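Have a look at the structure below, then the notes.
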Amino acid sequence: MAREYVLQPYRDSIKLQIDYETELNDAQRSAVTALPGPALVIAGAGSGKTRTLTYRVAYLLEQGVPANRILLLTFTNKAAKEMMGRVADLIGHDMSDLWGGTFHSIGHRVLRRHAEELGFNRSFTIQDREDTKGLINACIAEAEIDVKATRFPKPEVVADMGSLSVNKQIDLREVIEERFPWFEHLTSQIEGVVQRYSERKRAQGLMDFDDLLVLWLKLLKEYAEVRELYQKRFQFVLVDEYQDTNQLQAELIDLLGERYKNVMVVGDDSQSIYSWRGANYENIIEFPERYPDAKVYKIETNYRSTPEILNLANAAIEANTRQFAKKLAASRGPGEKPVLAVCGEAGEQAAFIAQRALELREEGVELNDMAVLYRSHFHALELQLEFTRRNIPFSITSGIRFFEQAHIKDVTSYLKWLANPRDEQAFKRLVLMLPGIGGKTAFKLWDQFLALYTDTTQLAEVLQQCAAVPKKAKVAWAQFSATVSQLQSEPVAGDAGQMIELIVEAGYAEYVESNYDKAPQRLDDIEQLGVFARQYETLETFLAELALLTNVEAEQDRGEDDQEKLRLSTIHQAKGLEFKVVFVVMLCDGMFPSNRSLDTVEGEEEERRLFYVAITRAKDELYISYPMIRTVAGGGSEDMIQQPSRFLSELPDKLIDEWKLSSFDPYREDPF
């Protein structure tokens, strides 16, 4: 028997004049007008997910559901603002009664009302990351841990461990084993610090960002009156981007919707690409199991891309075993076939993309409507150089700019100082990485070094003569001096690629693991920086190119907002965006998919979803490419033949035009 809307009387019931038949397609309309009960809406890429959610809210209001009985959960403030604005426009009046916002903002709102139940004052303070770092530092000191002797993780790394533990709802020990195995021998001490941190927060009336969810869940689980209050209040719970929820968020949703079971989650399992930050793919896959009465609605009409691009997207995701079967269908007419460009090497790939972008611009496509998407930061190094040489303006939206990342600056400081020993900033950055050396000591050491250094002396010899080295830094200083000596000796001296390799082997890898989050990815970045450096004959040439690229990155940020620019972005950063023309680069096995992802079936399937996300960003034209040859790290500057990405072998030949470009001339006349 179908369930019907059974609602409390609402005298202000909204009467709208929305023509659902005209404004929604059949699949959207089915989801929007769904009867009460649990519902999973699988909204494929470009299918009008936001439109569906917006009209669902309007429909509920029209059926007499009070605005304050609807909870709409999103992942970003931008998404929340956009959705609330669209609802207000559709309804025609203010929607402030609607409970809409990010998980954290709603959690904050609830906790302000019920802080006393948890032993907090309603005026509790929310810590930012710097506050958290400082408090964890105090906990480490209180525990009397010798952070230098034990190579204990930095406070921000401890914070990341704790955050993953609570968001994934797994034991801290398991997080360390899975993500930070190099710290397993310190597990007990880390657990102790995290426990102290939790106790100190409570004692001081503080909450951090994770607490807004952790304590919200605790409130609902342990305080029956509060739980019943919100379960009764929220007759309908709507969730956006459900595929990105973590275990903690999934539990919150299930608890809030427990009374009425009117939980509608909207998402696309094929776009679940954030497991590295705690998202749990199983939440969306297992929703029908957790809610046996759930109706599943599939919205498969795509309003963004041409049929040719969507045919390729459907083929790209088909090999995944755990997914909801779906097939995107285009509402648009036919267009160009996607192109697979097989290039000779990475520089040729960059030259091809630059040339094709210029040609497209001549044909009337603005640079703003083009994007180059890649799996990792370092995949775009050659592209940045090529675009700079050709005076093609571009913007970089890959998080922190590649050359401004701390680990890249650490390593390049070695190279800069060895090339120019009078570089004060590079010297100080290096010595401040050593245990037992702070700002004042760094100044003293610099003054001593300058007094002792001449152009004819070996740097290692001068370092050994510096008397201002603190006793607790003697061992590290000796190691630093030995590393500098090796870097200035044959066959490494002057070879930037080999120098970077030696720096990592001489202890920098351990420094990264102790001081930074995402240590494996950072070490990958450094390895690829070494690969990139091997194409330059001298250290000075490489550093000059490095300075050019660094300045170019900075200029991109300072450029005029209205300047036409081609977009360079990681795929993760591009999710939710769309462009007329998309280039997807470096489709080599080990690069995309990444080597690390291939250890598990789950990892490979997430990489395939990432490829699917990249393809579905394109509206009119799609180019996917890989170099047949790439310089590899390790002894000398050898070139290695690349294996095409396994994802390419899964694409039917009939869906692609293949261009072999090993004879491509990057210096033919530019049409720009």
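The values are calculated or read from the model by the stated rules, or taken from the named source; none is laboratory data. Predicted model only: the values in this text are computed from it and were never measured. Cβ sites come from the backbone with ideal geometry, for glycine too, and all protein chains shown count toward neighbours. To get the accessible areas, we keep the full protein, side chains included, count just its heavy atoms, and leave off ligands, DNA and RNA. Shrake-Rupley method; radii C 1.70, N 1.55, O 1.52, S 1.80 Å.
Would you confirm, using the coordinates I've provided, whether R304 is at pLDDT below 95 and open to solvent by 10 Å² or more (accessible area, probe 1.4 Å)? Spell out how you get there, then give the answer.
Details: at pLDDT below 95: no; open to solvent by 10 Å² or more (accessible area, probe 1.4 Å): yes.
It is false that R304 is at pLDDT below 95 and open to solvent by 10 Å² or more (accessible area, probe 1.4 Å).
Could you tell me which residue of segment 1-51 is least open to solvent (accessible area, probe 1.4 Å), considering only residues that are farther than 19 Å from E62 by Cα and modelled with pLDDT under 80?
A2
Looking at segment 125-146, which of the residues that are of a type in the set (V, I, T) and surrounded by fewer than 17 Cβ atoms within 10 Å (Cβ to Cβ) is nearest to the chain's Cα centre (by Cα)?
Step one: filter segment 125-146 for residues of a type in the set (V, I, T), giving 125-126, 132, 136, 140, 145.
Now narrow it down to the ones that are surrounded by fewer than 17 Cβ atoms within 10 Å (Cβ to Cβ): 125-126.
Numbers: T125: 28, I126: 24 Å.
Among them, the one singled out is I126.
Inside segment 429-468, can you point out the residues that are at pLDDT 85 or above and of a type in the set (V, I, T)?
Listed by number, the residues that qualify are V431, I437, T441, T454, V462.
Residue-by-condition table, conditions (1) under 26 Å from the mean Cα position of the chain (by Cα); (2) open to solvent by 30 Å² or more (accessible area, probe 1.4 Å):
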position: H407; (1), (2): yes, no
position: D410; (1), (2): yes, no
position: D423; (1), (2): no, yes
position: A426; (1), (2): no, no
position: L432; (1), (2): no, yes
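What are the residues in segment 104-124 that are open to solvent by 70 Å² or more (accessible area, probe 1.4 Å), touching an Asp or Glu at 6+ places or on another chain (Cβ under 9 Å) and of a type outside the set (K, R), if any?
The answer is E117, and nothing else.
Quick check on this structure: which one of G100, G85 is within 26 Å of Y242 (Cα to Cα), without any contact (Cβ under 8 Å) to a residue 12 or more places away in the chain and not in a loop (DSSP other than H, G, I, E, B)?
Values: G100 fails: without any contact (Cβ under 8 Å) to a residue 12 or more places away in the chain.
The unique qualifying residue is G85.
Looking at segment 499-508, which of its residues are surrounded by fewer than 22 Cβ atoms within 10 Å (Cβ to Cβ) and either at positive phi or in contact (Cβ under 8 Å) with a residue 40 or more places away in the chain (or both)?
Within segment 499-508, the subset surrounded by fewer than 22 Cβ atoms within 10 Å (Cβ to Cβ) is 501-502, 504-508.
E501, V504, G507, Y508 - these are the residues of segment 499-508 that are surrounded by fewer than 22 Cβ atoms within 10 Å (Cβ to Cβ) and either at positive phi or in contact (Cβ under 8 Å) with a residue 40 or more places away in the chain (or both).
When you go through I253, I299, I285 one by one, which is the residue that is surrounded by fewer than 19 Cβ atoms within 10 Å (Cβ to Cβ) and modelled with pLDDT of 95 or more?
After ruling out the rest, the residue left standing is I285.
From L219, L238, L186, grab the single residue that is out of contact with any Ser or Thr (no Cβ under 8 Å at 6 or more places or on another chain) and assigned to a helix (DSSP H, G or I).
Numbers: L238 fails: assigned to a helix (DSSP H, G or I); L186 fails: out of contact with any Ser or Thr (no Cβ under 8 Å at 6 or more places or on another chain).
Going through L219, L238, L186 in turn, the sole match is L219.
Which condition does E386 not pass, out of (1) open to solvent by less than 10 Å² (accessible area, probe 1.4 Å); (2) part of a helix (DSSP H, G or I), if it passes all the others?
Looking at each condition in turn, E386 falls short on (1).
Within segment 353-372, which residues are open to solvent by 10 Å² or more (accessible area, probe 1.4 Å) and either in contact with a strand residue (DSSP E or B) (Cβ under 6 Å, 6 or more places away or on another chain) or closer than 12 Å to F583 by Cα (or both)? Don't jump to the end; show me each part of the working.
So the first thing to find is which residues in segment 353-372 are open to solvent by 10 Å² or more (accessible area, probe 1.4 Å), and the list is 356, 359, 361-366, 368-369.
R356, V365, D369 - these are the residues of segment 353-372 that are open to solvent by 10 Å² or more (accessible area, probe 1.4 Å) and either in contact with a strand residue (DSSP E or B) (Cβ under 6 Å, 6 or more places away or on another chain) or closer than 12 Å to F583 by Cα (or both).
Test each condition in (1) in a loop (DSSP other than H, G, I, E, B); (2) in contact with a helix residue (DSSP H, G or I) (Cβ under 8 Å, 6 or more places away or on another chain) for G64 and report the one that comes out false.
Here G64 clears every test but (2).
Which of (1) within 29 Å of the chain's Cα centre (by Cα); (2) surrounded by fewer than 17 Cβ atoms within 10 Å (Cβ to Cβ); (3) modelled with pLDDT under 90 is the odd one out, the single condition S398 does not satisfy?
The failed condition is (2).
Among the residues in segment 257-279, are any aromatic (F, W, Y), outside any loop (DSSP other than H, G, I, E, B) and open to solvent by less than 10 Å² (accessible area, probe 1.4 Å)?
So in segment 257-279, the residues aromatic (F, W, Y) come out as 260, 274, 276.
After this cut, where a residue has to be outside any loop (DSSP other than H, G, I, E, B) as well, the list is 276.
Checking the rest, the ones that are also open to solvent by less than 10 Å² (accessible area, probe 1.4 Å) come to none.
Within segment 257-279, not a single residue is aromatic (F, W, Y), outside any loop (DSSP other than H, G, I, E, B) and open to solvent by less than 10 Å² (accessible area, probe 1.4 Å).
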